[in-house]
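Take a look at the structure below.
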């Protein structure tokens with residue numbers, strides 16, 4: 001089997017500690033968190049103490065200053081355990097990254113140390129009822145009044161929305177300027193005029209709190225602006241490849257894990273006098289899925305390597321995201337089928353994996369958007385050859 005050469009001994013040691021943490025602090029309680037629809041804040045503090053949050057944040061802002069592979073290890077171990085509740089990926093890979101990359105010195109000092117410790121939880125406020133993949137169409141307004149901005153509007157489908165203490169909020173500061181009218185702000189969770197709606201009841205990922213957020217004449221000082229006015233869309237575009245890479249890390253890890261679980265189940269389960277695995281159809285199905293997943297692992301790790309070199313472009317990220325999430329959904333569907341009726345029972349990991357999988361084709365840009373990105377580049381390449 002193909003070895004993963006990206007990871008060194010220090011990553012392997014860290015993985016061992018993360019895996020033990022997940023087995024002790026998350027797995028025994030996750031089923032209850034799914035019923036509650038939320039993960040307790042205490043888990044975030046424990047994860048911060050373990051060094052599992054925002055691994056790449058520099059030491060001067062409370063972090064460990066490690067490379068991106070340490071974050072990858074955390075994400076992989078969570079998904080390997082089927083722990084879809086803790087929203088560490090959004091907190092670490094998106095919110096902290098936005099602040100570390102585009103925040104002022106004062107913003108970094110204010111927000112990052114508390115995010116590293118788990119004291120403050122991060123969330124990303126972009127999607128609106130009528131603006132998902134088309135972020136230029138957002139309607140949340142931030143209007144300058146004197147030396148403040150007054151924000152009105154709403155967001156929906158916001159992961160970590162119930163718990164968040166810091167929100168990267170996308171607004172329109174110029175409704176006539178299209179993409180150039182988008183501005184980002186950092187919003188503290190206790191700011192007056194910021195309220196949370198109900199915790200949304202989703203098809204899957206039931207332990208991760210997901211909310212509607214409302215802004216009613218919420219006032220923000222200019223120092224809460226992330227980056228320059230009108231540069232929000234450009235900032236968001238620079239981080240989409242990283243977000244899509246993280247989605248692929250998730251999908252590839254889940255596919256690998258589900259195949260292993262299904263192999264064990266089919267070897268143990270008997271039908272017609274022999275194990276289900278001894279049926280030729282089962283062997284052919286699992287062999288095909290295994291080969292496709294190994295290929296996807298090679299592509300995913302290659303893109304991780306490119307990202308760490310600063311060379312992962314939007315088209316490669318789109319292809320990776322599209323293919324990995326399609327494979328993710330295919331694997332959980334076919335492996336559930338091999339479980340038979342038991343695969344439809346919530347107590348079995350495959351049922352949870354099936355319910356959790358479907359969002360991957362939507363979150364971080366839908367599959368259709370990925371195809372548009374790829375096709376546009378193909379058209380440009382054709383013109384260049386002409």
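The values are calculated or read from the model by the stated rules, or taken from the named source; none is laboratory data. Quick caveat: nothing in here was measured; it's all calculated off a predicted structure. Here Cβ is always computed from backbone atoms with ideal geometry, including for glycine, and neighbour counts include all displayed protein chains.
Summary of computed values
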{"item": "Pair list, Cβ < 6 Å and 6+ apart or interchain, from segment 266-277 residues that are in the same structural domain as residue 334 (by TED's automatic domain parsing) to residues that are in a loop (DSSP other than H, G, I, E, B)", "result": "276/269"}
{"item": "Strands (runs of 3 or more DSSP E) completely within segment 161-234 that count 2 or more residues being crowded, with 21+ Cβ neighbours inside 10 Å", "result": "166-172, 182-188, 210-220"}
{"item": "Residue among 184, 240, 263, 226 that is touching a helix residue (DSSP H, G or I) at 6+ places or on another chain (Cβ under 7 Å), without any contact (Cβ under 8 Å) to a residue 40 or more places away in the chain and either assigned by TED's automatic domain parsing to the domain that holds residue 303 or on the phi < 0 side of the Ramachandran plot (or both)", "result": "263"}
{"item": "Helices (runs of 4 or more DSSP H) wholly inside segment 1-70 that include at least 1 residues being farther than 23 Å from residue 208 by Cα and modelled with pLDDT of 95 or more", "result": "9-25"}
{"item": "Whichever residue in segment 51-72 is under 15 Å from residue 242 (Cα atoms) and in contact (Cβ under 8 Å) with a residue 60 or more places away in the chain and, among such residues, is farthest from the chain's Cα centre (by Cα)", "result": "67"}
{"item": "Those residues of segment 117-144 which are farther than 26 Å from residue 362 by Cβ, in contact (Cβ under 8 Å) with a residue 40 or more places away in the chain and either over 22 Å from the mean Cα position of the chain (by Cα) or buried (at least 22 other Cβ atoms within 10 Å of the Cβ) (or both), in sequence order", "result": "118, 120, 142"}
{"item": "Subset of segment 78-110 [within 13 Å of residue 53 (Cα to Cα) and outside any loop (DSSP other than H, G, I, E, B)]", "result": "78, 88, 89, 90, 91, 92, 93, 94, 95, 96, 97"}
{"item": "Condition met for residue 110 (at pLDDT 95 or above and either over 28 Å from residue 257 (Cα atoms) or assigned by TED's automatic domain parsing to the domain that holds residue 207 (or both))", "result": "yes"}
{"item": "Residue 304 vs. criteria more than 26 Å from residue 346 (Cα to Cα) and touching a helix residue (DSSP H, G or I) at 6+ places or on another chain (Cβ under 9 Å)", "result": "yes"}
{"item": "Extreme residue, farthest from residue 187 (Cα to Cα), among residues of segment 235-278 that are touching a strand residue (DSSP E or B) at 6+ places or on another chain (Cβ under 8 Å) and in a helix (DSSP H, G or I)", "result": "276"}
{"item": "Segment 111-128 - residue that is outside any helix (DSSP H, G or I) and out of contact with any strand residue (DSSP E or B) (no Cβ under 8 Å at 6 or more places or on another chain) and, of those, farthest from residue 45 (Cα to Cα)", "result": "119"}
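To keep it simple, each residue is scored yes or no on (1) more than 30 Å from residue 201 (Cβ to Cβ); (2) touching a strand residue (DSSP E or B) at 6+ places or on another chain (Cβ under 7 Å); (3) in the same structural domain as residue 308 (by TED's automatic domain parsing).
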| site | (1), (2), (3) |
| --- | --- |
| 4 | yes, no, no |
| 13 | yes, no, no |
| 22 | no, no, no |
| 34 | no, no, no |
| 37 | no, yes, no |
| 55 | yes, no, no |
| 67 | yes, no, no |
